[in-house]
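The values are calculated or read from the model by the stated rules, or taken from the named source; none is laboratory data. Just so you know, these numbers come straight off a predicted model, no measurement behind them. Counting neighbours? That spans all protein chains shown, and the Cβs are built from the backbone with ideal geometry, glycine included. Remember, those area values only see protein heavy atoms, side chains included, never the ligands or the DNA or RNA. Shrake-Rupley method; radii C 1.70, N 1.55, O 1.52, S 1.80 Å.
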Amino acid sequence: MPAIDALDTNGLVDAHCHVDLYPDPMAMLRRIEDAGIHVVTVTNLPSVFGPNVAIAAPYDRVHVALGLHPELVKSHGHEISVLRELLPEAQFIGEVGLDFTTNDRDEREHQRAVLGNVLTWCADAGNKVLTIHSRRAASDVISMIGTDYPCSAILHWFSGSTAQLKRAAAAGLYFSVNAGMIRSKNGQSLIEQMPPECVLTESDGPFLQTNRCPAEPAGIALVVDYLSKRWDRSYDSTKALILANFERAMARGIS
Ligand code: MN
């Protein structure tokens, strides 16, 4: 692996980062700006969307997403009404999705109901880009999105099967891949199956840890370096391809 400092970060894409969960979000925003990275900063609850928009406002390349994390649906499901109210203000939606590490039937149903509403409201608005969690629930998530969804949908940290991946790619969904995936055998073999035009990159920081430190947007340079070798392209052209994918996802979100 090359030294990360040797890789140009300008124009990298971080399609799923939790900027508000770093110890110093303001410092992280300045670092993102200095590094020239396009970042989707997701929120876990609709009630923190406004404060995140306020701190990110000066940064052109930072997009705040409006979310309700599936693992918080049980305790904060009532915030769905806040999400609905704020929806017109957000182009990016996330983190939303399903997390079936719970075996509780009612909780799974509650998560399905919330995601179903979010998908419907976004489809009605027609101008959204969604970043979606699907741990142990890839099949359900892909079925709920369907094959002709009118907004752009990004499966963040996809960990389903190859067959599910193919269904998702055929439905025009994107995958945002991270440093954890390039280090795992399963992640590597999934990435191998992804059509390059469906691939985006993410840090999922600070949740994802690399070398016992929280992942950061700049660390995506190593993910791009990995992809460039898999795809037999230069680092710069791989970075440009991912940015083009991101811009296409956003344009579909706008139309
Ligand atoms: Mn996340």
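For region 29-170, give me the percentage of DSSP beta bridges that are antiparallel, rounded to the nearest 5 percent. Write down the numbers at each step before the final one.
Values: 0 of 13 bridges.
The antiparallel proportion sits near 0 percent.
Mind telling me which of His76, His133, His63 comes out most flexible in a GNM of the chain, alpha-carbon contacts under 10 Å?
Of His76, His133, His63, the Gaussian network model singles out His76 as fluctuating most.
Quick one: 3J(HN,Hα) in Hz for region 206-222, Karplus 6.51/-1.76/1.60 with θ = phi - 60°, rounded, Gly and Pro as x.
Here the 3J(HN,Hα) series is x, 4, 6, 10, 10, 6, 6, 10, x, 4, 10, x, 4, x, 4, 3, 6 Hz.
If you average the sequence gap of Cα pairs under 8 Å that are 6 or more apart and divide by the length of the chain, what percent do you get for the contact order? Show your work: numbers first, answer last.
Numbers: 496 pairs, mean separation 52.3, N = 255.
Computed over the chain, the figure is 21 percent.
What are the residues whose amide H is under 5 Å from the amide H of Leu200, where those residues sit 5 or more places off or on another chain and H is modelled from the backbone?
The answer is Phe175, Ser176, Val177.
So which of Lys166/Lys229; Lys74/Lys239; Lys74/Lys185 end up more than 29 Å apart by C-alpha? Please report the intermediate quantities before stating the final value.
On the way: Lys166/Lys229 22 Å; Lys74/Lys239 38 Å; Lys74/Lys185 32 Å.
From the list (Lys166/Lys229; Lys74/Lys239; Lys74/Lys185), the Cα-Cα distance tops 29 Å for Lys74/Lys239; Lys74/Lys185.
Please report the spacing between the Cα centers of region 166-191 and region 9-44 in Å, no decimals.
First find each Cα centre; the distance between them is then 21 Å.
Test of understanding: what is the full-extension gain from Asn127 to Glu33, defined as 0.36 nm times their sequence separation minus their Cα-Cα distance? Write down the numbers at each step before the final one.
Working: separation 94, 0.36 × 94 = 33.84 nm, distance 2.56 nm.
Stretched fully, the Asn127-Glu33 segment lengthens by 31.3 nm.
Would you calculate a helix-derived [θ] at 222 nm for the chain, using -39,500 (n - 2.57) for each DSSP H run of n ≥ 4 and dividing by the full residue count, to the nearest 500? Walk me through the numbers before you get to the answer.
Values: 11 runs with 114 residues, N = 255.
It lands at -13500 deg cm²/dmol.
Have a look at Gly67, Gly160, Gly94 and tell me which one the Gaussian network model of the chain (Cα, springs below 10 Å) gives the largest fluctuation.
Gly160
If you bin every alpha carbon distance in the chain into 5 Å steps from zero, what whole percent lands in each bin?
1, 6, 15, 19, 21, 18, 12, 6, 2, 0
Can you tell me what the convex hull of the Cα atoms of region 1-102 projects to on average, as an area in nm²?
Values: hull surface 32.1 nm².
Mean projected area for region 1-102: 8.0 nm², to one decimal.
Which of rounded, prolate, oblate describes region 155-240, given a ≥ b ≥ c as roots of the alpha-carbon gyration tensor eigenvalues and a/c under 1.5 marking rounded, otherwise prolate only if a/b is larger than b/c? It would help to have the intermediate numbers written out before the result.
Working: a/c = 1.79, a/b = 1.25, b/c = 1.43.
Verdict is oblate for region 155-240.
Keeping every protein chain present and rolling a 1.4 Å probe, give me the accessible area per residue for the chain in Å². Don't skip to the end; give the middle numbers.
Details: 11050 Å² over 255 residues.
With all protein chains present, the chain gives 43 Å² per residue.
Measuring from centroid to centroid over Cα atoms, what is the spacing of region 75-151 and region 209-232 in Å?
27
Give me, ordered by chain and number, the residues 5 or more places off Val129 or on other chains with an amide H under 5 Å from its own placed amide H.
Phe92, Ile93
So how much slack lies between Asn103 and Ser234, counting 0.36 nm per residue of separation and subtracting their Cα-Cα distance, in nm? Before the final figure, lay out the partial values.
On the way: separation 131, 0.36 × 131 = 47.16 nm, distance 4.43 nm.
Answer, rounded to one decimal: 42.7 nm.
When a/c reaches 1.5 or more, the comparison of a/b and b/c decides; with that in mind, is region 98-191 rounded, prolate or oblate per its Cα gyration tensor?
Details: a/c = 1.99, a/b = 1.24, b/c = 1.60.
Note, shape of region 98-191 comes out oblate.
On the accessible surface of region 4-254, probed at 1.4 Å, how many percent belong to carbon and sulfur atoms?
Numbers: 5380 of 10660 Å².
The C+S portion of the solvent-accessible surface of region 4-254 is 50 percent.
Of the beta bridges DSSP finds with both residues in the chain, what % are antiparallel, to the nearest 5? Kindly include the intermediate steps, with their values, before the conclusion.
On the way: 2 of 24 bridges.
For the chain, the DSSP antiparallel bridge percentage is about 10.
Given points 7 Å out from each Cα along the Cα-Cβ axis, report the Ala171 to Gln188 separation in nanometres with one decimal.
2.9
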